[in-house]
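Below is one structure, written out as structure tokens; comments come after it.
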Amino acid sequence: TELDHLIIENHLITRKPDWRSRLGQAVLHFRPTTRLTRLVRSGPQGEPVTGSEIRLDYSTGPRADVSPRLYAVLKQVDGPTPLSELGLTQDLHAELYTLWQERFFTLTPIGR
């Protein structure tokens, strides 16, 4: 929601600062319907071009292209290992966050 503050009755809830920079400290869990695949498509002149995609495996499920570097990280996801130990770097945080917003997977703090 991108909210920084939320007021509920007499309570003020404030987002922790700099949360996006700590995505490497999260553990990623794929939904049961999430599929991560490699694709071969035709390029502009008919040549084969390899790409990667994440999708939700139902008829109207969303799909999104995944960069080769993030694909390599996502292929290693095993449940308990934090993303930083799987090779997630700061420059991949925005791409990962966008995929999380599409609900392809969940992110939880280490140890939960």
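The values are calculated or read from the model by the stated rules, or taken from the named source; none is laboratory data. Values in this document were obtained by computation on a predicted structure and should not be read as measured data. Reconstructed Cβ throughout: ideal geometry from the backbone, glycine too, with neighbour counts over all protein chains shown. SASA here: full protein model, heavy atoms, side chains in, ligands and nucleic acids out. Shrake-Rupley method; radii C 1.70, N 1.55, O 1.52, S 1.80 Å.
Summary of computed values
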read-out	value
Per-residue ³J(HN,Hα) for region 75-82, Karplus 6.51 cos²θ - 1.76 cosθ + 1.60, θ = phi - 60°, Hz, x for Gly and Pro	5, 8, 4, 10, x, x, 7, x
Accessible area in the full protein assembly, largest first, 1.4 Å probe, for Ser42, Ser59, Ser52	Ser59, Ser42, Ser52
For the chain, convex hull of alpha carbons as volume per residue, Å³	145 Å³
Net lengthening on full extension, Thr108/His5 (0.36 nm per residue, minus Cα-Cα)	35.0 nm
GluC sites (Glu not before Pro) within region 1-62: DSSP coil, no more than 13 neighbouring Cβ in 10 Å	Glu2, Glu9
Accessible surface of region 24-109, 1.4 Å probe, proportion on carbon and sulfur as whole %	52 percent
Unit charges on C-beta of K, R, D, E only; dipole of the chain, Debye	260 debye
Leu39/Tyr97 FRET efficiency (R0 30 Å; Cβ-Cβ; nearest 0.05)	0.85
The chain, helix-only ellipticity at 222 nm - DSSP H runs n ≥ 4, -39,500 (n - 2.57), divided by all residues, nearest 500	-4000 deg cm²/dmol
For region 19-112: accessible area per residue (Å², 1.4 Å)	60 Å²
Selection of chymotrypsin sites (Phe, Trp or Tyr not before Pro), region 10-72, meeting DSSP coil and at most 13 other Cβ within 10 Å	Trp19, Tyr58
